[in-house]
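Accompanying notes for the structure given below.
The values are calculated or read from the model by the stated rules, or taken from the named source; none is laboratory data. What you are looking at is a predicted structure, and each value in this text was computed from that prediction instead of being measured. Backbone-built Cβ (ideal geometry, glycine too); neighbour counts: all protein chains shown. In case anyone asks, the SASA skips ligands and DNA or RNA and just uses the protein heavy atoms, side chains included. Shrake-Rupley method; radii C 1.70, N 1.55, O 1.52, S 1.80 Å.
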Amino acid sequence: SAAPLNYLLDSGAGASVLNLQTARSLGIKLGGQEKVQRVDTNAAAWRASGFRANVAGIPVSQSPLALDLSETSEACSRPIDGLLGEDFFRRFDVEFDLANRAVRCTSRSIAVARRLRTGQPRLPVRSTSSPSTKPAPGST
């Protein structure tokens, strides 16, 4: 069965990101280390492979960057499993309707409109990857 994940929409992120701890708990294979630019610093990241998840039925990147998002989780006061970045957004015309707390992603044959919770621009993401190891304590 699919495990729900907490993702943020990040139109400023050049690529979608999977939290490193989430990637490890799901048993996602990680490639070599890369250096990435965060808002105010450089950080280490790894290219994940074989990750399968969707947002309202729309597949997300199967090879996101795996990056430590613990500071992001702390700032949001909730666990953040990933970020949907520019690689997700460039596939759609995206409309942020803040007055109605909704996001619309439209493509030729796909229309998605989801109500947002708590005023944060986020959508439910479900992982369809099967964990090959037990999740870390406290990660569920």
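Observations
- Taking the criterion of being at positive phi and of a type in the set (S, T, N, Q), the only residue of region 32-85 that qualifies is SER77.
- Residue that is surrounded by the most Cβ atoms within 10 Å (Cβ to Cβ) [pool: residues in region 37-83 that are more than 27 Å from CYS105 (Cα to Cα) and among the aliphatic types (A, V, I, L, M)]: ALA45
- Residues (of a type in the set (A, V, I, L, M) and either surrounded by 13 or more Cβ atoms within 10 Å (Cβ to Cβ) or under 13 Å from LEU8 (Cβ atoms) (or both)) located in region 84-98: LEU84, VAL94
- Region 48-70: number of residues that are farther than 14 Å from LEU8 by Cα and of a type in the set (S, T, N, Q): 4
- Pairs linking a residue in region 1-30 that is closer than 22 Å to THR41 by Cα to a residue that is open to solvent by 20 Å² or more (accessible area, probe 1.4 Å) and among the hydroxyl-bearing types (Ser, Thr, Tyr), with Cβ atoms under 7 Å and 6 or more positions apart or on different chains, are SER16/SER61; GLN21/SER139.
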